[in-house]
Amino acid sequence: MKRAYLSVIIGVLTISGCLSKIPDKKNLNNQKNDIKMTTLTTYLLLDGNCKQAMEFYKSVFGGELTTTEVGESPMKNYFPEALQNRVVNARLVSSAVDISASDWLRPTETRIQGNTVCLYLSGGTAEELKTLYNKLSDGANITDPLMEQPFGIYGALNDKFGVRWMFQANK
């Protein structure tokens with residue numbers, strides 16, 4: 001339990017994320033025991049221009065950018081043809097920033113200011129993520145129940161204060 005809180009604090013202080021592996025990125029997890037910790041990073045939801053936005057941020061901050069389109073991902077069969085070229089995940093890591101992003105992939109929901117930036121808890125164990133998810137679920141609007149997906153464990157909610165949270169851990 002204490003480790004979960006510590007990992008969130010470390011994530012906030014370092015602005016570190018771990019959805020994708022970035023070469024030469026300093027590992028802030030417990031290297032001695034090789035234990036992965038849940039970390040917190042900023043996640044942007046963009047309107048079909050994720051790739052262009054992240055390339056722009058790369059030109060500003062430098063670093064390494066990785067992107068995955070829907071059609072290249074394990075989720076490709078869950079989306080219509082019209083969304084296959086959209087970015088399902090992008091991550092920019094530099095000495096100044098660690099930003100994750102994707103294109104808006106909810107055609108039945110309207111993208112409005114306020115639901116396009118969220119706090120993203122990733123990595124760690126499924127148990128650790130479940131504990132944090134359950135605690136943040138108190139009074140929340142659950143938009144995506146925490147469950148196993150083809151890419152790992154995923155869930156999302158808007159907490160009782162209206163803050164959007166996304167959760168992800170690898171299988």
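Miscellaneous remarks
- One residue alone among 162, 155 is part of a loop (DSSP other than H, G, I, E, B) and either touching a residue at least 24 places away in the same chain (Cβ under 8 Å) or among the small types (Gly, Ala, Ser) (or both), and that residue is 162.
- Flag if residue 135 is assigned to a helix (DSSP H, G or I) and surrounded by fewer than 18 Cβ atoms within 10 Å (Cβ to Cβ): yes
- Scanning the range 71-103 for residues being more than 19 Å from residue 171 (Cα to Cα), of a type in the set (A, V, I, L, M) and out of contact with any Pro (no Cβ under 9 Å at 6 or more places or on another chain) gives a total of 8.
- Every residue from the range 59-72 that is assigned to a helix (DSSP H, G or I) and crowded, with 18+ Cβ neighbours inside 10 Å: 70
- Residue-level check: of (1) modelled with pLDDT under 55; (2) among the polar types (S, T, N, Q); (3) assigned to a helix (DSSP H, G or I); (4) surrounded by fewer than 14 Cβ atoms within 10 Å (Cβ to Cβ), residue 52 misses just (1).
- Looking only at the range 82-125, and only at residues there that are without any contact (Cβ under 8 Å) to a residue 60 or more places away in the chain and of a type in the set (Lys, Arg), the one that is farthest from residue 57 (Cα to Cα): 106
- Within the range 73-110, restricting attention to residues that are surrounded by fewer than 14 Cβ atoms within 10 Å (Cβ to Cβ) and under 17 Å from residue 165 (Cα atoms), the residue that is farthest from the chain's Cα centre (by Cα) is 109.
The values are calculated or read from the model by the stated rules, or taken from the named source; none is laboratory data. Please read these numbers as outputs of a predicted model, since none were measured by experiment. Note that each Cβ is placed from the backbone with ideal geometry, even for glycine, and that neighbours are counted across all protein chains shown.
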